[in-house]
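Data block below; observations after.
The values are calculated or read from the model by the stated rules, or taken from the named source; none is laboratory data. Worth saying up front: this structure is predicted, and the values here are computed from it rather than measured. Virtual Cβ from ideal backbone geometry, glycine too; neighbours counted across all protein chains shown. Side chains are part of the model used for accessible areas, which takes the heavy atoms of the whole protein and leaves out ligands, DNA and RNA. Shrake-Rupley method; radii C 1.70, N 1.55, O 1.52, S 1.80 Å.
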Amino acid sequence: MGLVGTRNVFKTTSDFSSMTHWADVIAEDLLKRGDKHRIATGITPSGHIHFGNLREIIIADAVRRAVEEKGGKAEVVYVADTFDPLRRRYPFLPEEFEKYVGMPLSEIPDPEGECHENYAEHFLQPFLESLDVLGIDLVVKRADQMYKSGEYENHIRVALEKRDKIAEILKEVSGREVEKDWSPFNPLCKNCKRINSAKVKGFDDKGAYYSCSCGYEGYASFREGKLTWRVDWVARWDILRITCEPFGKDHAAAGGSYDTGVRIAKEVYGFEPPYPIVYEWIHLKGVGAMKSSKGIVVPVKDLVEALPPEIIKYIIIRTKPERHIEFDPSMILEVFDEFEDAYRRKDRSVQLSIVGDVVYSDVSFRHLVVVGQIANWDLEKALEILSRTYHVDDTVRKDVERRLIYAKRWLEKFAPENLKFEIKKEIDAEFSEEERRFLRTFAEKLEENMSPERIHQLVYEVARELNVKPAKAFQAIYKAILGKNYGPRAGYFIKSLGIEWVKKRFKKV
RNA sequence: GGGCUCGUAGCUCAGCCAGGUAGAGCGACGGGCUUUUAACCCGUCGGUCGCGGGUUCAAAUCCCGUCGAGCCCGCCA
């Protein structure tokens, strides 16, 4: 079977929209070039890694899956730019961090105490844990370790030897002339520990002589410094044998780092640059693009705690990379609806989003939010409630067990207030004579075996009988149970609470 | 100055790559049932496909131009 068989399977499913999914289009393109691929991603851990950053990784993962499903081999590599200098003291950093500006992130202490080995790890670790939850398999490389272990040595030497050629390309492509004493290699100063302040004065085949703005003059081996970004990126492609890389549109601008990278790859190092996937930014509704530097951010960690992984991935995968995403945390419930609907249609974006062997039942997330609150988040209780309206089999049980937790966290973190309720232990409201009469009569007529629909109907019947407005009747019911005058659909709600309990409660008013 | 993306129903978007005279969801409106956790069902309304040219028997779709919106070109994805 192999390739052709696999391909046909997905033809039929994705044909629902009569359009091939972007990840499949890219995968097909890649497979025309070869059947083994390595997809690179890279994020600088200079601050909280956020939802916007995540887009790059999820795109890479989706493409990897598409390539594999079509019979190719692929893996995702994540290079953390841990050797980049701290550009400036960000607003979230303590004042004393001023002194670390210019030093590599891997050489600076954890900004929040001793919890991690260094600055970079502090932001990197939680992100990597989140990726694990998202079911994204990748090879993690840390730039500082790559440099320190000598993986870059040859490429640094070549860059220094061909310094003029690189300068020429930079000028031709970007239109910017580099300074006379420019060098593609930035030594790490032994004295001030900064990686962006030393000028290269000369080099041999093991290292470079430099003079730093701090006054120090010395010699750095090719393991004690890094290449400037535009060259670093290209060297990385070559060292790691990268065939494909998603990157933000900033790098894609004409004369930007991808453009110069293409020429440096071909003319300096002599290899074919990777297949580019340019993607747009994720905007926070009403706020603008997410920027670590501006503090406009939804940290990946928060997201992963409150939303099932497939939903997070779906938000990104259903949208073509080149389109920007308007992310509105308050509207997430609609995304759940859409996802559940797409799940039933076996939508391609859903296939690419699902982690492992997760199977959905017919219980909607919306429903779980209500049931969970009634059951006070107790799984068995929730299942018991559900069993009144669903056939609870193993699939439902397993699904509810997993998603109930998310329903709870989502409710706490993102849900609008009007979806939240709490069953009062004791009646906690004032009632008019009319309301009392209604509740008592209603309680008397309520019978154990009534269906939710029947109960709902009964509200109207009793209200009519007593000449009470239905709206008043419902309000009385919610006041007696929740202490508010609105709540979940009454019939179903009462059934879920247990007829006996409700009868008793209403008689007490 | 250069580049990218977008402009299709009130809103969010699909359709464009491989042209065949417009789709979905939501909303609105009407009804099923005289508000009940964004309840469900049925139905209706709703678009000069930003604008102007060109190619074609045929253009939302291809080409050229133009306007508008957003964004990127200091290593901020």
Fill in the blank from the handout: The correct count of residues that are more than 9 Å from RNA strand B (Cβ to nearest atom), open to solvent by less than 30 Å² (accessible area, probe 1.4 Å) and in contact with a helix residue (DSSP H, G or I) (Cβ under 6 Å, 6 or more places away or on another chain) in the range A:245-267 is 4
Practice task
Output the residues belonging to the range A:139-186 that are open to solvent by 40 Å² or more (accessible area, probe 1.4 Å), part of a loop (DSSP other than H, G, I, E, B) and in contact with a helix residue (DSSP H, G or I) (Cβ under 9 Å, 6 or more places away or on another chain).
Solution key: A:GLU151, A:LYS162, A:ARG176, A:GLU177, A:TRP182
Problem - Top-ranked residue of the range A:417-428 - restricted to ones that are out of contact with any Leu (no Cβ under 9 Å at 6 or more places or on another chain) and not acidic (Asp, Glu), ranked as farthest from A:LEU466 (Cα to Cα) - result: A:ASN418
Practice task
Return only the number of the condition from (1) within 23 Å of A:LYS313 (Cβ to Cβ); (2) within 12 Å of RNA strand B (Cβ to nearest atom) that A:VAL370 does not satisfy.
Solution key: (1)
Practice task
Collect the residues in the range A:376-419 that are over 22 Å from A:LEU134 (Cα atoms), part of a helix (DSSP H, G or I) and within 16 Å of RNA strand B (Cβ to nearest atom), keeping them in residue-number order.
Solution key: A:ALA382, A:ILE385, A:LEU386, A:GLU417, A:ASN418, A:LEU419
Exercise for the section: Could you run through the range A:232-260 and say how many residues are outside any loop (DSSP other than H, G, I, E, B) and out of contact with any strand residue (DSSP E or B) (no Cβ under 9 Å at 6 or more places or on another chain)? Expected result: 5
Handout entry: Test: residue in the range A:67-74 that is within 15 Å of RNA strand B (Cβ to nearest atom) and either of a type in the set (D, E, K, R) or touching a residue at least 12 places away in the same chain (Cβ under 8 Å) (or both)
Key = no
Practice task
State yes or no: is A:GLU500 open to solvent by 10 Å² or more (accessible area, probe 1.4 Å), more than 8 Å from RNA strand B (Cβ to nearest atom), part of a helix (DSSP H, G or I) and farther than 25 Å from A:ALA382 by Cα?
Solution key: no
Handout entry: Sole residue being assigned to a loop (DSSP other than H, G, I, E, B), on the phi < 0 side of the Ramachandran plot, more than 15 Å from RNA strand B (Cβ to nearest atom) and open to solvent by 10 Å² or more (accessible area, probe 1.4 Å), chosen from A:ARG194, A:ARG223
Key = A:ARG223
Exercise for the section: Quick one: A:THR319 ticks every box in (1) within 9 Å of RNA strand B (Cβ to nearest atom); (2) modelled with pLDDT of 85 or more; (3) under 24 Å from A:LYS420 (Cβ atoms) except a single one, so which number is it? Expected result: (3)
Completion exercise
Within the range A:15-41, restricting to residues that are modelled with pLDDT of 90 or more and not in a helix (DSSP H, G or I), the one that is farthest from RNA strand B (Cβ to nearest atom) is A:LYS36
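Table: residues versus (1) in contact (Cβ under 8 Å) with a residue 40 or more places away in the chain; (2) not β-branched (Val, Ile, Thr).
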site: A:GLY150; (1), (2): yes, yes
site: A:GLU153; (1), (2): yes, yes
site: A:ILE156; (1), (2): yes, no
site: A:LEU160; (1), (2): yes, yes
site: A:LYS165; (1), (2): yes, yes
site: A:LEU170; (1), (2): yes, yes
site: A:GLY175; (1), (2): yes, yes
site: A:PRO184; (1), (2): yes, yes
site: A:ASN191; (1), (2): no, yes
Completion exercise
(1) assigned to a loop (DSSP other than H, G, I, E, B); (2) modelled with pLDDT of 90 or more; (3) open to solvent by 30 Å² or more (accessible area, probe 1.4 Å) all hold for A:GLU68 apart from (1)
Exercise for the section: Would you confirm whether any residue within the range A:227-234 is within 11 Å of RNA strand B (Cβ to nearest atom), open to solvent by 20 Å² or more (accessible area, probe 1.4 Å) and not polar (S, T, N, Q)? Expected result: yes
Practice task
Being within 12 Å of RNA strand B (Cβ to nearest atom), modelled with pLDDT of 80 or more and either in contact with a helix residue (DSSP H, G or I) (Cβ under 8 Å, 6 or more places away or on another chain) or over 22 Å from A:TYR390 (Cβ atoms) (or both) narrows it down to one of A:PHE506, A:PHE474, so name that one.
Solution key: A:PHE474
Handout entry: Tally, over the range A:104-128, of residues that are over 18 Å from A:VAL300 (Cα atoms), aliphatic (A, V, I, L, M) and either surrounded by fewer than 18 Cβ atoms within 10 Å (Cβ to Cβ) or touching a Pro at 6+ places or on another chain (Cβ under 6 Å) (or both)
Key = 0
Problem - Residue check for A:PHE51: within 13 Å of A:PHE127 (Cα to Cα) and either in contact (Cβ under 8 Å) with a residue 40 or more places away in the chain or among the basic types (Lys, Arg) (or both) - result: yes
Problem - Failed condition for A:ASP362, given (1) assigned to a loop (DSSP other than H, G, I, E, B); (2) open to solvent by 20 Å² or more (accessible area, probe 1.4 Å); (3) in contact with a helix residue (DSSP H, G or I) (Cβ under 9 Å, 6 or more places away or on another chain); (4) at pLDDT 85 or above - result: (4)
Exercise for the section: Kindly provide the set of residues from the range A:268-278 that are buried (at least 18 other Cβ atoms within 10 Å of the Cβ) and assigned to a loop (DSSP other than H, G, I, E, B), ordered by number. Expected result: A:PRO273, A:PRO274
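Okay, residues lined up against (1) outside any helix (DSSP H, G or I); (2) surrounded by fewer than 19 Cβ atoms within 10 Å (Cβ to Cβ):
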{"site": "A:VAL459", "(1), (2)": "no, no"}
{"site": "A:ALA463", "(1), (2)": "no, no"}
{"site": "A:ALA473", "(1), (2)": "no, no"}
{"site": "A:ILE477", "(1), (2)": "no, no"}
{"site": "A:ILE481", "(1), (2)": "no, no"}
{"site": "A:ASN485", "(1), (2)": "yes, yes"}
{"site": "A:PRO488", "(1), (2)": "yes, no"}
{"site": "A:ILE494", "(1), (2)": "no, no"}
{"site": "A:VAL509", "(1), (2)": "yes, yes"}
Problem - Residue that is nearest to RNA strand B (Cβ to nearest atom), among those in the range A:79-96 that are surrounded by 18 or more Cβ atoms within 10 Å (Cβ to Cβ) and not in a loop (DSSP other than H, G, I, E, B) - result: A:PRO85
